[in-house]
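Down below is the structure, laid out as structure tokens.
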Amino acid sequence: MNDFDWTGQPHRRFNPLTREWILVSPHRTRRPWQGQVEAAAATEILKYDPACYMCPGNKRSTGDVNPSYQNIFVFDNDYPALLPGRESAKINHHDLLVAETESGICRVICFSPRHDLTLSGMDEQDIRTVIDCWAGQFRELGARPEIQYVQIFENRGAMMGASNPHPHCQIWSTTSLPNIPKAEQDSQTAYRKEKNSCLLCDYYTVESSAQLRIVVQNEHFLGVVPYWAVWPFETMIVSKRHLGAIDELDSNERDALGNILKRLTTRYDNLFQTSFPYSMGFHQRPTDGHEHPEWHFHAHFFPPLLRSATVRKFMVGFELLGMPQRDFSAETSAESLRSVPDIPRKPLA
Ligand SMILES: [Zn+2]
Ligand SMILES: [Zn+2]
Ligand SMILES: [Zn+2]
């Protein structure tokens with residue numbers, strides 16, 4: 001039906017990476033808001049916090065003392081979700097009670113000795129140092145024979161459960177391929193087989209010509225609100241060149257990634273004039289020793305905020321039981337993010 005009003009009528013959109021659907025209900029955006037109004041998070045953040053376990057020179061709970069580092073600092077997580085080198089075992093009762101051992105290595109990377117910075121507040125040169133570290137960690141952890149997958153991610157802000165504002169990310173590397181990269185791998189493999197082409201190379205071409213959902217771009221990367229976005233201001237960063245992992249980025253591409261990360265997070269901060277919370281992370285080829293020509297390196301940003309610095313989206317009700325749903329469309333979100341500057345506007349509240 002060609003005259004269907006896609007901008008005003010309910011419809012569902014398909015995520016070709018996970019092969020799941022999301023419900024879009026743009027007609028609901030004018031309903032009155034009577035829900036939760038959250039208080040803004042505390043504002044004053046120190047450059048150095050003597051109680052922070054990530055600041056230079058401070059003692060951690062293990063008794064280890066952090067070095068007086070100048071740019072980045074990597075350490076094994078003191079409370080890791082995974083432990084290295086466990087013996088392997090399986091159980092299976094009637095295909096109903098099924099379990100396997102899982103092991104791995106969890107690390108923390110401090111982006112800066114400064115307790116009060118975020119990616120948006122860092123110089124591009126310093127973000128480049130972080131990118132080089134990500135590439136080095138991906139290569140080092142991925143080279144271990146037992147490690148099949150390296151997940152780099154950042155939880156930013158108290159709303160996302162980050163207990164410490166010190167700018168940092170985590171790396172969880174695992175002996176199995178986690179659910180979501182597994183789903184994306186299967187989709188990219190099937191797409192390649194069927195069309196003899198790359199899913200995200202083709203998606204990049206489609207978004208470039210549509211322009212509607214682009215938020216930031218430069219010579220080597222595109223930042224878009226994906227057509228199938230679930231979170232109100234969800235974005236994806238896609239490399240323009242087909243490559244499988246962060247360690248394949250050349251020097252110019254690493255600089256360009258730093259530029260995109262800074263400009264995207266600055267737009268986020270400017271949208272609601274707050275230090276914007278999110279979970280972000282990279283999806284890239286597994287480190288299982290096989291060639292993975294189907295994999296196209298990309299990043300996802302999943303921010304929780306909906307309509308202000310304090311009002312967030314919840315995944316409840318129909319979304320837990322049926323499928324994810326959003327009110328305003330991906331195109332509207334992209335327009336909002338494009339309408340604010342990608343350079344810092346004023347000191348954040
Ligand atoms: Zn700190
Ligand atoms: Zn590609
Ligand atoms: Zn992905």
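The values are calculated or read from the model by the stated rules, or taken from the named source; none is laboratory data. Because the structure is predicted, anything quoted here is derived from the model rather than measured. For neighbour counting, all protein chains shown are included, and Cβ atoms are generated from backbone atoms with ideal geometry for every residue, glycine included. Note: accessible area is taken over every heavy atom of the protein model, side chains too, but ligands, DNA and RNA are not part of it. Shrake-Rupley method; radii C 1.70, N 1.55, O 1.52, S 1.80 Å.
Please give me, ordered by residue number, the GluC sites (Glu not before Pro) of the stretch 78-139 that lie in loop per DSSP and have at most 13 other Cβ atoms within 10 Å. Please report the intermediate quantities before stating the final value.
Working: sites: Glu87, Glu100, Glu102, Glu124; in loops: Glu87, Glu102.
Of the GluC sites (Glu not before Pro), the ones in loops of the stretch 78-139 whose Cβ has at most 13 other Cβ atoms within 10 Å are Glu87.
Shown is the FRET efficiency for Ser61 and Glu124, computed with R0 = 30 Å from the Cβ-Cβ distance and rounded to the nearest 0.05: 0.35. Restricting the calculation to alpha carbons of the stretch 200-243 gives Rg and Dmax of 9.8, 28 angstrom. For the stretch 203-268 and the stretch 123-198, what is the separation of their Cα centres, given in Å? Taking the Cα centre of each part, the stretch 203-268 and the stretch 123-198 sit 15 Å apart. Taking 4.7 Å between beta carbons as the limit, the unpaired Cys residues of the chain are Cys106, Cys110, Cys133, Cys169. Between Ser329, Ser275, Ser339, the residue with the greatest mean-square fluctuation in the GNM of the chain (Cα pairs under 10 Å linked by springs) is Ser339.
Just how many pairs of Lys in the chain have C-alpha atoms closer than 28 Å, counting pairs that are eight or more places apart or on different chains? Qualifying lysine pairs in the chain: 14.
Here the spin labels are modelled as points 7 Å beyond Cα on the Cα-Cβ line, and at Arg345 and Leu321 they lie 3.9 nm apart. Share of carbon and sulfur in the accessible area of the chain stands at 53%, probe radius 1.4 Å. Per residue, the accessible area of the chain comes to 50 Å² when a 1.4 Å probe rolls over the protein heavy atoms.
Once both labels are positioned 7 Å from their Cα atoms along Cα-to-Cβ, the gap between Phe314 and Ser68 label points is 4.9 nm. The modelled label-to-label distance for the pair Asp116/Arg86, using points 7 Å beyond Cα in the direction of Cβ, is 4.2 nm.
Using helices alone, what [θ] at 222 nm do you get for the chain, with -39,500 (n - 2.57) per DSSP H run of 4 or more residues, divided over all residues and rounded to the nearest 500?
That comes out to -7500 deg cm²/dmol.
Expressed in Å, the radius of gyration and Dmax of the Cα atoms of the chain are 20.8, 66.
Using the beta-carbon distance between Asp288 and Thr205 and R0 = 25 Å, what value does 1/(1 + (r/R0)^6) give for FRET efficiency, to the nearest 0.05?
0.30
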